[in-house]
């Protein structure tokens with residue numbers, strides 16, 4: 001019942017990010033923060049939705065425990081991905097964290113209106129970025145109580 | 001009138017005496033009585049008519065009308081004569097009319113000469129100088145008429161005179177004024193016909209004067225003039241007076257060659273003998289309009305160019321930040337993971353790359369902040385400047401703790417400001433105060449005094465390094481730095497941002513400092529609209 005995880009249990013994270021440099025940085029940061037994380041990467045919005053809906057090559061994709069979503073993505077941008085996730089009964093309970101370089105107020109407002117679980121600005125400095133990833137891990141993986149996963153529900 | 005009255009009376013008594021001397025019949029007496037009553041009636045009618053005549057003459061105030069006997073002695077006097085010449089009837093009746101002439105005219109016998117001419121020709125009209133009772137001279141238009149009885153004997157003269165200074169001089173003055181005016185002036189009557197114009201009007205419209213006199217003003221100003229004319233006719237003189245220069249209306253005028261040009265029109269009503277006239281001052285405003293349009297265009301261009309520049313700065317900074325973040329992050333990662341594992345050259349190279357990238361990042365962030373002060377504009381609200389300072393100090397927490405700085409402040413007022421920008425302003429100023437320090441504990445005090453004109457003057461005083469006077473202006477410029485990078489890191493944008501913020505709030509920022517004795521930065525903000 002409880003979603004607070006035991007340490008050592010594999011955690012599935014979906015990172016929706018088109019910049020390979022950012023993907024690698026995030027991977028490095030998570031590796032330092034929590035080695036038990038399985039980081040899955042979708043490099044655009046279409047792929048992200050296919051992953052979440054187990055479509056095409058993603059038939060066996062796991063249901064992520066948390067989604068890290070960039071806003072500026074090719075094909076389908078992060079705002080659309082967020083809207084699709086939060087309209088989908090099977091997906092809307094997955095904590096979706098916006099992780100972007102934009103600090104435009106319009107983006108922040110829009111994302112919360114679309115029910116993003118939180119909005120985080122990518123720090124410019126490496127140290128700060130690493131510490132943010134650590135915070136994401138600590139907060140969403142160990143501090144937060146979440147409803148049980150409603151797989152396929 | 002006395003002479004006629006006397007004549008009538010004597011004729012009557014003569015008739016009565018004659019009747020009495022006759023022995024007459026009853027019937028004759030009856031007829032005589034009838035005749036007498038008829039005579040009485042006529043006498044009454046005559047008296048009444050004389051009275052009406054006198055009233056009529058007295059009612060005329062702008063003309064002097066009087067009669068003289070054949071020698072020029074005055075025997076009647078109307079109200080106009082009294083007003084124009086200054087004598088009351090009882091002062092002048094019986095005196096010779098030559099007293100109205102200047103002395104040189106009297107000396108050369110002009111009064112007698114005039115009477116001779118009038119007697120000979122029946123009527124004489126002239127314009128000449130006359131003298132009032134108070135000795136003042138005036139130009140008069142005078143008409144003399146010889147009065148003769150039915151048998152042709154000269155009984156006297158009438159004089160009919162008019163003070164031309166009241167009309168001619170006034171008109172001459174008016175014309176002079178008209179010609180001296182820098183604008184085209186056109187005087188129009190109520191039916192819209194041009195009755196008077198100046199040389200500027202001839203020039204501006206390309207007509208000769210005689211081509212315009214009597215013509216409709218709509219030839220010059222086709223649209224809008226008539227409507228104004230009506231409006232001005234209906235307006236009171238006070239309203240017209242209240243219409244100041246520069247409040248004229250703008251219309252289009254047409255020259256003789258049909259070309260059109262923009263004008264500003266000012267109208268004022270003018271009461272005259274011919275009814276209400278309207279004086280129109282017409283100013284060619286094509287140059288002014290071109291200049292205004294030109295200015296407006298330049299302002300637009302400047303605004304657009306500024307906007308583009310700010311947009312460019314904002315976009316460039318933002319888009320530069322992304323790739324730079326990669327460079328900075330990976331050089332830092334390199335440095336962290338491989339320091340000491342490669343050779344010392346590699347360590348040094350990586351260190352330079354890390355330093356360059358992080359300086360570039362600061363530069364871009366500061367540029368972005370600078371451009372945002374311009375693009376976001378100022379949302380002026382009543383805010384607590386103390387809260388803004390507190391917020392700034394919170395952002396500076398790290399630097400304050402690290403330097404053990406002592407930051408104190410007066411109670412700070414509510415001001416009309418953009419909160420984000422005020423926080424940034426305090427943050428930059430207090431940040432600098434802590435940063436540019438020698439050894440020892442940095443002390444910073446934020447004070448406020450009531451300035452003039454609903455302003456609060458803030459000061460941020462420190463005990464730091466101080467600044468030499470020749471740099472007081474320069475430090476507020478873009479990229480201006482006074483120290484080597486090794487001594488103090490920085491982009492040289494911080495104070496430029498401060499300046500822009502303060503100016504955005506309609507104020508000025510200045511510094512007062514003595515090298516080695518700290519600096520005081522001052523700026524003013526408008527006080528809150530509401531009383532705090």
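Which order results if B:422, A:132 are arranged by neighbouring Cβ count within 10 Å, fewest first?
Working: B:422 25, A:132 18.
Result, fewest neighbours first: A:132, B:422.
Taking 56 Å as R0, compute the FRET efficiency from the Cβ-Cβ separation of residue B:10 and residue B:180 and round it to 0.05.
Details: r = 64 Å, r/R0 = 1.14.
With a Förster radius of 56 Å, E is 0.30.
Give the calculated FRET efficiency between residue B:103 and residue B:193 to the nearest 0.05, with a Förster radius of 41 Å applied to their Cβ-Cβ distance.
My answer for the efficiency is 0.35.
For chain A, what is the relative contact order in percent, using Cα pairs closer than 8 Å and at least 6 residues apart in sequence? Provide the component values of the computation, followed by the final result.
Working: 232 pairs, mean separation 42.4, N = 153.
Relative contact order, chain A: 28 percent.
Run through the DSSP bridge list for chain B and note the antiparallel percent, rounded to the nearest 5. Mind showing how you got there, number by number?
Working: 76 of 80 bridges.
Bridges in chain B that DSSP calls antiparallel: roughly 95 percent.
Which value in nm describes the separation of the simple spin-label points at residue B:45 and residue A:77, placed 7 Å from the Cα toward the beta carbon?
11.0
Hey, what did chain B get for relative contact order, percent, Cα under 8 Å, at least 6 apart?
On the way: 809 pairs, mean separation 37.7, N = 532.
Normalised by residue count, the contact order of chain B is 7 percent.
Indicate, rounded to the nearest 5 percent, the antiparallel portion of the DSSP beta bridges found entirely in the protein assembly as shown. List each step's numbers first, then the result.
Details: 76 of 97 bridges.
Antiparallel bridges: around 80 percent, rounded to the nearest 5.
Any idea how far the Cα center of region B:380-419 sits from the one of region B:308-349, in Å?
Taking the Cα centre of region B:308-349 as reference, the centre of region B:380-419 is 32 Å away.
Can you tell me the FRET efficiency between residue B:307 and residue A:104 if r is taken as the Cβ-Cβ distance and R0 is 22 Å, rounded to the nearest 0.05? Can you show the working numbers first?
Details: r = 18 Å, r/R0 = 0.81.
With a Förster radius of 22 Å, E is 0.80.
I'd like to compare A:50-57, B:382-389: which one has the highest average count of other Cβ atoms within 10 Å, and what's the full order after that?
Working: A:50-57: 15.6, B:382-389: 19.1.
Top to bottom by mean Cβ count within 10 Å: B:382-389, A:50-57.
Could you order the peptides B:314-322, B:459-467 from most to least packed, using the average number of other C-beta atoms within 10 Å per residue?
Details: B:314-322: 15.8, B:459-467: 20.6.
Taking the mean over residues of other Cβ atoms within 10 Å, the ranking is B:459-467, B:314-322.
Whole angstrom only: what separates the Cα centroid of region A:27-57 from the Cα centroid of region B:463-515?
If we compute the Cα centre of each part, the gap is 48 Å.
Angle between the Cα long axis of helix B:286-338 and the longest principal axis of chain B, 0 to 90 degrees, nearest 10?
10
Quick note: the coordinates plus some simple rules give every number you see, no bench work behind them. All values reported here derive from a predicted model rather than from experimental measurement. Using ideal geometry, Cβ is built from the backbone for each residue, glycine included, and neighbour counts are taken over all protein chains shown.
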